[in-house]
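All remarks here apply to the structure that follows.
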Amino acid sequence: MATLLEVKDLRTHFYTFEGVVKAVDGVSYEVEEGETLGLVGESGCGKSVSALSLMRLIPDPPGKIVDGEVLFESEDILKIDMDDMRRIRGAKMSMVFQEPMTSLNPVLTLERQLSETLQLHRGMSREEARQESVDLLSRVGIPDAERRVRQYPHQFSGGMRQRVMIAMALSCNPKLIIADEPTTALDVTIQAQILELMKSLTSEFGVSLIVITHNLGVVARYANRMNIMYAGKIIERGAAGEVYSNPRHPYTVGLLKSVPRLDLPRRAKLDPIEGQPPDLINLPEGCAFRDRCRWAVDKCATEEPPLMLVNEGHWSACWRSDELGPSALDFLADLGLYADDSSNGAAASESDAEVE
Amino acid sequence: MTTMTETGTQGRAPAESGEILLEVKNLKMHFPVTAGIIFQRAVAHIKAVDGVSFFVRRGETLGLVGESGCGKTTTGRCILQLYRPTDGQVIFDGQELTGLSTRQMRTMRRRMQVIFQDPYSSLNPRMTAGNIIGEPLIVHGLVNSKDEYKDRVAELLQNVGLNPYMADRFPHEFSGGQRQRIGVARALSVDPSFIVCDEPVSALDVSIQAQIVNLLEDLQERFDLTYLFIAHDLSVVRHISNRVAVMYLGHIVEIADRNEIYRSPLHPYTRALLSAVPIPDPIIDAQRERILLSGEVPSPLNPPSGCVFHPRCPIAIDSCSEVTPELREVDSNHWAACIQAPGYGSY
Ligand SMILES: Nc1ncnc2c1ncn2[C@@H]1O[C@H](COP(=O)(O)OP(=O)(O)O)[C@@H](O)[C@H]1O
Ligand SMILES: Nc1ncnc2c1ncn2[C@@H]1O[C@H](COP(=O)(O)OP(=O)(O)O)[C@@H](O)[C@H]1O
Ligand SMILES: [Mg+2]
Ligand SMILES: [Mg+2]
């Protein structure tokens with residue numbers, strides 16, 4: 001597979017009254033053609049800013065991309081002028097946001113909004129664009145598309161609006177779609193529908209997809225590769241199967257262990273990551289995660305660990321990554337530590353929650 | 001359309017399983033939709049809660065799950081009499097609440113509290129954390145002096161894992177997780193026995209969610225609390241609850257012990273809901289069966305006839321659009337409202 005997007009040492013900072021917010025601070029990764037990449041981390045860690053940087057949609061002031069390259073089809077799109085960038089945004093890259101209402105125009109019918117892009121970027125006639133709008137809506141699973149294309153955004157439910165957003169994102173035949181928490185505001189059953197839809201459309205159209213989420217569970221099913229972000233940096237990256245089963249950064253381990261899992265016996269106590277994410281204005285020296293880290297040693301306070309290769313195609317920014325891996329994830333070992341309460345009836349190990 | 005009858009409600013719990021603190025019987029909340037400028041008249045009704053029955057035992061956590069708009073919050077508010085229900089009974093510790101005056105209810109509310117979902121909008125931005133937590137102490141006359149007030153606020157802050165010196169800060173100076181702790185401390189201030197936790201962790205990051213869940217569990221043990229835990233995240237609900245009730249479009253479709261409902265869900269909606277929960281392990285997740293429901297939840301303004309789930313139900317048969325299935329105990333302590341559930345019997 002060819003590389004579609006290559007991000008090199010991207011840095012985006014905000015110059016605020018309180019100080020410089022290093023929202024994205026030295027992020028590098030690539031996206032292959034047709035690949036789905038998961039970008040995961042807690043709120044405020046820089047996921048949206050890193051996505052908006054790719055699209056060059058950072059509000060300036062206060063924001064600025066201060067360093068780095070974004071090679072899209074081998075061209076550094078941070079260097080091209082804004083007109084060329086707008087063309088790329090309309091034709092090759094598009095974005096799906098968490099709250100579709102903010103990116104849909106409330107006073108225009110869907111037909112107007114969709115056909116505009118189609119006429120502008122795909123040179124269609126009005127009638128062609130109208131027909132294509134209807135097609136797109138039915139492709140994303142909106143029933144009765146012929147009629148609904150003439151409606152306004154507020155006449156659609158949350159899940160339906162997200163489908164409309166996906167139709168909009170697809171309308172320009174893009175190479176890359178960036179979906180920023182596309183299902184966070186939706187219910188689980190609708191979430192599942194939307195993710196399945198994105199998965200099938202991206203493979204059908206051969207589109208690459210970056211899915212941003214704060215929930216590791218959401219992308220497990222769909223991502224080929226994962227980037228885990230913390231405090232403006234990628235702290236672990238690798239193939240999805242590998243990162244989930246062989247996590248080599250304490251933060252990833254912490255994320256995986258803090259959620260209760262339906263497929264495993266119930267644990268008597270959850271195992272949260274203590275504390276809170278740091279303030280991106282006054283990041284101390286060393287590893288940004290160290291205050292919350294169970295593995296932290298003296299070195300972590302003075303030397304910031306770079307992303308280091310820990311396995312084939314798998315990087316971690318931790319001095320002690322060698323000591324992590326599947327054993328750090330041993331959920332069943334935890335169970336031995338905490339005997340489940342008796343009100344739970346049978347022993348916890350019996351409470352197989354395998355959903356059939 | 002027939003409504004859920006009281007036969008087969010959860011009113012008759014086996015005595016040996018623990019004392020019942022709260023009992024809800026055939027609860028209905030229909031919000032009028034009005035028209036007219038001068039003379040408002042009801043032109044239709046939103047059947048937000050439409051005949052819901054369940055009980056909560058003292059000291060247990062009953063989880064209430066379902067998709068947004070199914071009536072979870074409304075059920076919680078009806079229990080606390082923040083909404084006056086259209087019909088049905090709410091019996092708290094032997095006392096029927098629906099007939100109580102506002103004044104009588106105020107006294108009851110000392111024993112029944114609520115924690116809200118949104119730690120951003122539920123705290124008054126112009127009050128300090130200390131005053132947010134301490135206000136109920138004054139409203140209910142629970143302290144006699146300034147010193148006592150301060151001590152109690154400090155103690156409450158500590159109980160929820162915050163520092164007493166934070167009492168002078170304003171909500172915006174706290175993170176989401178900390179704000180939720182303030183909400184918990186406020187609920188605890190009056191020493192309640194029952195708390196409706198309305199999606200208390202839904203707005204938080206996963207790592208912070210676990211902190212709050214653990215806190216709620218610790219507090220339950222320390223202060224003998226009984227919870228109605230409302231959520232849409234089934235993994236969290238299974239973790240924190242002793243029993244789980246599943247709601248759909250104003251109705252409860254299934255109630256069972258937390259292990260039972262996940263191991264052998266009987267209602268097709270429960271099964272679909274469970275199958276949609278993502279598992280953070282791609283290998284295991286790929287092996288799970290997925291039941292993708294078609295379409296969306298219908299409007300409570302005009303709910304479907306018969307079983308409200310039938311238009312989306314993968315196993316619906318003709319009679320599902322005709323009969324409204326009541327919630328029946330189909331197995332010991334396992335209740336389901338589906339005419340096709342094993343053990344449901346005939347109509
Ligand atoms: N317009 C802005 N001005 C100042 N700071 C900002 C702005 N936008 C984002 N930030 C800061 O950048 C950091 C990363 O934000 P964001 O990328 O939105 O996080 P998330 O991972 O939740 O998407 C946060 O600390 C946020 O406060
Ligand atoms: N005060 C109200 N007036 C009118 N309709 C309401 C009111 N509160 C809730 N509803 C409606 O009742 C239904 C159930 O809402 P709610 O109890 O908030 O659901 P949930 O908490 O499960 O998301 C929804 O259709 C909602 O729009
Ligand atoms: Mg974001
Ligand atoms: Mg609600």
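In segment B:277-297, what count of residues is obtained for those that are assigned to a loop (DSSP other than H, G, I, E, B), within 7 Å of chain A (Cβ to nearest Cβ) and aliphatic (A, V, I, L, M)?
4
Do the conditions hold for B:Ala35, that is, is it modelled with pLDDT under 75, in the same structural domain as B:Gly59 (by TED's automatic domain parsing) and either surrounded by 13 or more Cβ atoms within 10 Å (Cβ to Cβ) or over 16 Å from B:Ala245 (Cα atoms) (or both)?
Values: modelled with pLDDT under 75: no; in the same structural domain as B:Gly59 (by TED's automatic domain parsing): yes; either surrounded by 13 or more Cβ atoms within 10 Å (Cβ to Cβ) or over 16 Å from B:Ala245 (Cα atoms) (or both): yes.
So B:Ala35 fails the test.
Within segment A:95-140, track down each residue that is surrounded by fewer than 15 Cβ atoms within 10 Å (Cβ to Cβ) and not in a helix (DSSP H, G or I).
Answer for segment A:95-140, where residues must be surrounded by fewer than 15 Cβ atoms within 10 Å (Cβ to Cβ) and not in a helix (DSSP H, G or I): A:Asn105, A:Pro106, A:Val107, A:Leu108, A:Gly123, A:Ser125.
Inspect all residues belonging to segment B:59-80 and state whether any of them is assigned to a loop (DSSP other than H, G, I, E, B) and more than 16 Å from the chain's Cα centre (by Cα). Write out each step before concluding.
Taking segment B:59-80 as the starting set, the residues that turn out to be assigned to a loop (DSSP other than H, G, I, E, B) are B:59-60, B:66-71, B:80.
Next, only the ones that are more than 16 Å from the chain's Cα centre (by Cα) stay: none.
No, segment B:59-80 contains no residue that is assigned to a loop (DSSP other than H, G, I, E, B) and more than 16 Å from the chain's Cα centre (by Cα).
Mind checking which pairs have a first residue in segment B:237-248 that is under 13 Å from A:Leu270 (Cβ atoms) and a second that is of a type outside the set (Gly, Ala, Ser) and assigned to a helix (DSSP H, G or I), Cβ under 7 Å, 6 or more apart or different chains?
Here the result reads B:Arg238/B:Arg258; B:Arg238/B:Tyr262; B:His239/B:Val213; B:Ile240/B:Val213; B:Ile240/B:Leu216; B:Ile240/B:Glu217, each pair linking segment B:237-248 to a residue that is of a type outside the set (Gly, Ala, Ser) and assigned to a helix (DSSP H, G or I).
What is the number of the single condition among (1) buried (at least 16 other Cβ atoms within 10 Å of the Cβ); (2) within 15 Å of ligand 2 (Cβ to nearest atom); (3) more than 30 Å from B:Leu293 (Cα to Cα) that B:Phe116 does not meet?
Every condition holds for B:Phe116 apart from (3).
Can you run down the residue pairs with Cβ atoms below 7 Å, 6 or more apart or on separate chains, where the first is in segment B:32-45 and in contact (Cβ under 8 Å) with a residue 40 or more places away in the chain and the partner is among the aromatic types (Phe, Trp, Tyr) and part of a strand (DSSP E or B)?
Correct list of pairs: B:His45/B:Phe31.
What number of residues within segment B:148-199 satisfy the criterion of being more than 16 Å from ligand 3 (Cβ to nearest atom) and within 14 Å of chain A (Cβ to nearest Cβ)?
Filtering segment B:148-199 for residues more than 16 Å from ligand 3 (Cβ to nearest atom) gives B:148-174, B:177-199.
Now restrict to residues that are within 14 Å of chain A (Cβ to nearest Cβ): B:161-163, B:166, B:172-174, B:177-181, B:199.
Counting residues in segment B:148-199 that are more than 16 Å from ligand 3 (Cβ to nearest atom) and within 14 Å of chain A (Cβ to nearest Cβ) gives 13.
Quick one: B:Pro311 ticks every box in (1) assigned to a helix (DSSP H, G or I); (2) over 24 Å from A:Gln162 (Cα atoms) except a single one, so which number is it?
If we test B:Pro311 against (1) assigned to a helix (DSSP H, G or I); (2) over 24 Å from A:Gln162 (Cα atoms), just (2) comes out false.
Kindly establish whether A:Ile228 is within 13 Å of another protein chain (Cβ to nearest Cβ), closer than 29 Å to A:Lys8 by Cβ and in contact with a helix residue (DSSP H, G or I) (Cβ under 8 Å, 6 or more places away or on another chain).
Working: within 13 Å of another protein chain (Cβ to nearest Cβ): yes; closer than 29 Å to A:Lys8 by Cβ: yes; in contact with a helix residue (DSSP H, G or I) (Cβ under 8 Å, 6 or more places away or on another chain): yes.
Judged against the criteria, A:Ile228 is a match.
Filter segment B:298-347 down to the residues that are crowded, with 18+ Cβ neighbours inside 10 Å and more than 26 Å from the chain's Cα centre (by Cα), then identify the one that is nearest to B:Val43 (Cα to Cα).
Restricting to residues being crowded, with 18+ Cβ neighbours inside 10 Å and more than 26 Å from the chain's Cα centre (by Cα), the top hit is B:Cys320.
When you scan segment B:126-153, how many residues do you find that are in a loop (DSSP other than H, G, I, E, B) and buried (at least 17 other Cβ atoms within 10 Å of the Cβ)? Can you show your working first?
Here is the first cut: in segment B:126-153, the residues in a loop (DSSP other than H, G, I, E, B) are B:126-128, B:140-145.
Restricting the remaining residues to those that are buried (at least 17 other Cβ atoms within 10 Å of the Cβ) gives B:128, B:143.
Adding up the residues that qualify gives 2.
How many residues are in contact with a Leu (Cβ under 7 Å, 6 or more places away or on another chain) and without any contact (Cβ under 8 Å) to a residue 12 or more places away in the chain if we restrict to segment B:266-287?
Going residue by residue through segment B:266-287, those that are in contact with a Leu (Cβ under 7 Å, 6 or more places away or on another chain) are B:272-274, B:277, B:279-280.
Subsequent filtering for residues that are without any contact (Cβ under 8 Å) to a residue 12 or more places away in the chain retains B:279-280.
Result for segment B:266-287: 2.
As an exercise: evaluate A:Arg122 against (1) basic (Lys, Arg); (2) within 14 Å of another protein chain (Cβ to nearest Cβ); (3) more than 22 Å from B:Arg290 (Cα to Cα); (4) touching a residue at least 40 places away in the same chain (Cβ under 8 Å) and give the number of the one condition it does not meet.
(2)
Listed here are the residues, each with its yes/no results for (1) in contact (Cβ under 8 Å) with a residue 40 or more places away in the chain; (2) of a type in the set (Phe, Trp, Tyr).
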| residue | (1), (2) |
| --- | --- |
| A:Glu146 | no, no |
| A:Tyr152 | yes, yes |
| A:Gly158 | yes, no |
| A:Gln193 | yes, no |
| A:Leu201 | yes, no |
| A:Phe205 | no, yes |
| A:Ile212 | yes, no |
| A:Arg221 | no, no |
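Here's the yes/no breakdown for (1) within 19 Å of B:Ile115 (Cα to Cα); (2) among the hydroxyl-bearing types (Ser, Thr, Tyr); (3) within 8 Å of ligand 2 (Cβ to nearest atom):
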{"residue": "B:Ile38", "(1), (2), (3)": "no, no, no"}
{"residue": "B:Ala48", "(1), (2), (3)": "no, no, yes"}
{"residue": "B:Ser53", "(1), (2), (3)": "no, yes, no"}
{"residue": "B:Gly63", "(1), (2), (3)": "yes, no, no"}
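Go through A:Glu33, A:Glu111, A:Glu42, A:Glu73 for me and flag whichever is within 14 Å of chain B (Cβ to nearest Cβ), away from ligand 2 (no atom under 16 Å from the Cβ) and in contact (Cβ under 8 Å) with a residue 24 or more places away in the chain.
On the way: A:Glu33 fails: within 14 Å of chain B (Cβ to nearest Cβ); A:Glu111 fails: within 14 Å of chain B (Cβ to nearest Cβ); A:Glu73 fails: within 14 Å of chain B (Cβ to nearest Cβ).
Being within 14 Å of chain B (Cβ to nearest Cβ), away from ligand 2 (no atom under 16 Å from the Cβ) and in contact (Cβ under 8 Å) with a residue 24 or more places away in the chain holds for just one of A:Glu33, A:Glu111, A:Glu42, A:Glu73, which is A:Glu42.
Looking at segment B:77-91, is at least one residue surrounded by 23 or more Cβ atoms within 10 Å (Cβ to Cβ), near ligand 2 (Cβ under 8 Å from one of its atoms) and more than 14 Å from chain A (Cβ to nearest Cβ)?
No, the conditions are met nowhere in segment B:77-91.
If you scan segment B:264-276, which residues turn out to be more than 7 Å from every other protein chain (Cβ to nearest Cβ) and hydroxyl-bearing (Ser, Thr, Tyr)? Steps first, answer last, please.
Taking segment B:264-276 and keeping what is more than 7 Å from every other protein chain (Cβ to nearest Cβ), we get B:264-271.
Within segment B:264-276, B:Ser264, B:Tyr269, B:Thr270 meet the criteria.
Within segment A:194-206, can one find any residue that is closer than 27 Å to B:Met247 by Cβ, polar (S, T, N, Q) and within 12 Å of another protein chain (Cβ to nearest Cβ)?
Keep residues of segment A:194-206 that are closer than 27 Å to B:Met247 by Cβ, which gives A:194-197.
Right, trim to polar (S, T, N, Q) and you get none.
The answer is no; no qualifying residue exists.
Among the candidates B:Arg58, B:Arg41, which residue alone is farther than 18 Å from B:Ile252 by Cβ, within 14 Å of another protein chain (Cβ to nearest Cβ) and more than 16 Å from ligand 1 (Cβ to nearest atom)?
Details: B:Arg41 fails: within 14 Å of another protein chain (Cβ to nearest Cβ).
Among B:Arg58, B:Arg41, only B:Arg58 is farther than 18 Å from B:Ile252 by Cβ, within 14 Å of another protein chain (Cβ to nearest Cβ) and more than 16 Å from ligand 1 (Cβ to nearest atom).
Looking only at segment B:217-234, decide whether some residue is free of Cβ contacts under 8 Å to residues at least 24 places away in the same chain, farther than 21 Å from B:Arg58 by Cβ, facing another protein chain (nearest Cβ under 10 Å) and surrounded by fewer than 22 Cβ atoms within 10 Å (Cβ to Cβ).
No: zero hits.
The values are calculated or read from the model by the stated rules, or taken from the named source; none is laboratory data. Every value quoted in this text rests on a predicted model; they were computed, and no experiment measured them. Quick reminder, even Gly has a Cβ in these numbers, built from the backbone with ideal geometry, and neighbours come from all protein chains shown.
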